[in-house]
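Heads up: the structure comes next, in structure tokens.
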Amino acid sequence: MKTALISGISGQDGSYLAKLLREKGYKVCGTSRDAQMSTFKNLSRLGIRDQIKLDSMSLNDFRSVLQILTKYQPDEIYNLAGQSSVGLSFQQPVETLESIATGTLNLLEAIRFTGAKIKLYNASSSECFGDTGGKPATEITPFRPRSPYAVAKSAAFWEVANYREAYNLFACSGILFNHESPLRPQRFVTQKIVSVVCQIAQGSKEKLHLGNISVQRDWGWAPEYVEAMFLMLQQDEPDDYVIATGESYPLQDFVVEAFTSVGLNWQDYVEVDESLYRPTDISVGRANPIKAEQKLGWKAHYKMPDVVRMMVEDRMNNG
């Protein structure tokens with residue numbers, strides 16, 4: 001039985017990945033900064049909390065990382081931890097850089113230091129590309145990060161590439177574009193939209209306040225994206241992959257789809273608030289995920305309209 005260690009297991013991706021790995025017969029260990037204080041409500045919601053060994057690990061602390069690797073001796077590590085909000089990274093740039101870039105470096109260095117044959121997956125981000133002028137990003141598109149979050153993710157990506165080359169580690173990064181699910185935290189705009197739309201559909205008189213609704217993004221379904229993470233570590237050679245649907249939509253289309261799915265006209269309820277604009281933002285996020293399809297055999301089946309409908313349906317049924 002293989003052992004997988006997931007750092008950041010309490011988040012959306014960590015929880016879905018844990019479920020997938022358990023279904024594949026893995027022993028799964030999950031870490032957060034303080035496992036005693038974390039609720040792990042996503043694991044409970046998926047009905048797998050009692051199947052996971054949970055422990056505390058601070059990725060900023062090399063000794064803590066080394067202890068956990070020695071204790072569990074994982075075959076695979078999925079690094080999904082770190083500050084995950086682009087908007088919040090402008091307010092907490094140091095925490096963002098340390099939790100992502102230093103955290104990833106500590107994992108890589110611990111694997112190198114122990115000499116263990118561990119395969120590492122690193123969660124990178126489409127935010128690294130910045131604005132590509134509407135051109136679809138591939139694995140060789142240059143990084144032009146436009147937020148502290150993107151800077152941190154870019155640094156982590158190159159750390160992984162460096163250790164792979166210098167020390168022959170099996171380490172790879174998944175450059176994931178936006179992917180959503182009912183497990184998304186409320187601070188993400190997609191979950192905010194779905195939440196307010198459902199409240200309005202149930203009689204609330206509130207308005208939906210949004211920033212720039214002309215930005216375009218490629219939105220996918222998170223449970224599919226964790227399958228791509230798993231597949232990356234099953235290859236003969238480590239490599240980096242763009243993971244996306246290949247179709248981008250304006251945020252306004254996401255909003256329209258959400259209101260339409262509950263039989264309402266979005267224009268009656270949406271107010272654009274310029275105070276919600278980011279200091280710098282990416283106007284168009286577009287991807288070409290052909291390499292993942294050709295090498296991993298992975299392709300997204302759910303596109304933005306499907307994702308919105310599934311999120312709204314879940315919220316209406318489960319509150």
Identify all residues within segment 173-222 that are closer than 29 Å to I290 by Cα and among the aliphatic types (A, V, I, L, M); write none if there are none.
-> I175, L176, L183, V189, I213, V215, A222
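Just give me the residues in segment 267-294 being within 23 Å of P136 (Cβ to Cβ) and of a type in the set (S, T, Y), in sequence order.
Of segment 267-294, the ones within 23 Å of P136 (Cβ to Cβ) are 278, 280-294.
Residues satisfying the conditions are T280, S283.
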Among the residues of segment 39-77, write down those that are touching a residue at least 40 places away in the same chain (Cβ under 8 Å), in contact with a helix residue (DSSP H, G or I) (Cβ under 6 Å, 6 or more places away or on another chain) and either among the β-branched types (V, I, T) or within 16 Å of A101 (Cα to Cα) (or both).
-> I52, M57, L59, N60, F62, V65
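Any idea which of L233, L208 is modelled with pLDDT under 95 and open to solvent by less than 10 Å² (accessible area, probe 1.4 Å)?
Working: L233 fails: modelled with pLDDT under 95.
Step by step, each of L233, L208 is checked, and only L208 is modelled with pLDDT under 95 and open to solvent by less than 10 Å² (accessible area, probe 1.4 Å).
For the condition open to solvent by 30 Å² or more (accessible area, probe 1.4 Å), among the hydroxyl-bearing types (S, T, Y) and at pLDDT 95 or above, what is the one hit in T260, T280?
Matching residue, one of T260, T280: T260.
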Just wondering, is there one or more residues in segment 113-125 that are in a helix (DSSP H, G or I) and out of contact with any Gly (no Cβ under 8 Å at 6 or more places or on another chain)?
-> yes
E159 fails exactly one of the following numbered conditions: (1) open to solvent by 20 Å² or more (accessible area, probe 1.4 Å); (2) modelled with pLDDT under 95. What is the number of that condition?
-> (2)
Which members of segment 70-79 meet the condition of being within 13 Å of A4 (Cβ to Cβ) and open to solvent by 30 Å² or more (accessible area, probe 1.4 Å)?
-> Q73, D75
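Just to verify a result, which residue in segment 180-205, among those that are under 21 Å from the mean Cα position of the chain (by Cα) and in a helix (DSSP H, G or I), is modelled with the lowest pLDDT?
If we filter segment 180-205 for residues that are under 21 Å from the mean Cα position of the chain (by Cα), which is where we start, we get 180-195.
Checking which are in a helix (DSSP H, G or I) leaves us with 189-195.
On the way: V189: 92, T190: 95, Q191: 95, K192: 95, I193: 97, V194: 97, S195: 96.
Selected residue: V189.
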Of A4, A81, which residue is of a type in the set (G, A, S), touching a Pro at 6+ places or on another chain (Cβ under 8 Å) and not in a helix (DSSP H, G or I)?
-> A4
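Quick check on my filter: what residues within segment 160-176 are assigned to a loop (DSSP other than H, G, I, E, B) and out of contact with any helix residue (DSSP H, G or I) (no Cβ under 8 Å at 6 or more places or on another chain)?
We begin by selecting, within segment 160-176, every residue assigned to a loop (DSSP other than H, G, I, E, B); these are 168-169.
The one that is assigned to a loop (DSSP other than H, G, I, E, B) and out of contact with any helix residue (DSSP H, G or I) (no Cβ under 8 Å at 6 or more places or on another chain): N168.
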Kindly check whether there is at least one residue in segment 304-319 that is in contact with a Gly (Cβ under 7 Å, 6 or more places away or on another chain), under 22 Å from V215 (Cα atoms), open to solvent by 70 Å² or more (accessible area, probe 1.4 Å) and not small (G, A, S).
-> no
Please go through segment 37-69 and pick out each residue that is open to solvent by 30 Å² or more (accessible area, probe 1.4 Å) and in a helix (DSSP H, G or I).
-> K41, S44, R45, R49, D50, Q51, F62, R63, L66, Q67
For segment 241-248, state whether one or more residues are of a type outside the set (D, E, K, R), more than 25 Å from S15 (Cα to Cα) and either out of contact with any Ser or Thr (no Cβ under 6 Å at 6 or more places or on another chain) or not in a strand (DSSP E or B) (or both).
-> yes
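Among the candidates K119, K153, which residue alone is without any contact (Cβ under 8 Å) to a residue 60 or more places away in the chain and in contact with a Cys (Cβ under 9 Å, 6 or more places away or on another chain)?
Values: K119 fails: without any contact (Cβ under 8 Å) to a residue 60 or more places away in the chain.
Unique residue meeting the criteria: K153.
The values are calculated or read from the model by the stated rules, or taken from the named source; none is laboratory data. Just so we're clear, the structure is a prediction, and the values are computed from it rather than from any experiment. Here Cβ is always computed from backbone atoms with ideal geometry, including for glycine, and neighbour counts include all displayed protein chains. The protein model used for the area step is the full one, side chains on, heavy atoms only, and it has no ligands, DNA or RNA in it. Shrake-Rupley method; radii C 1.70, N 1.55, O 1.52, S 1.80 Å.
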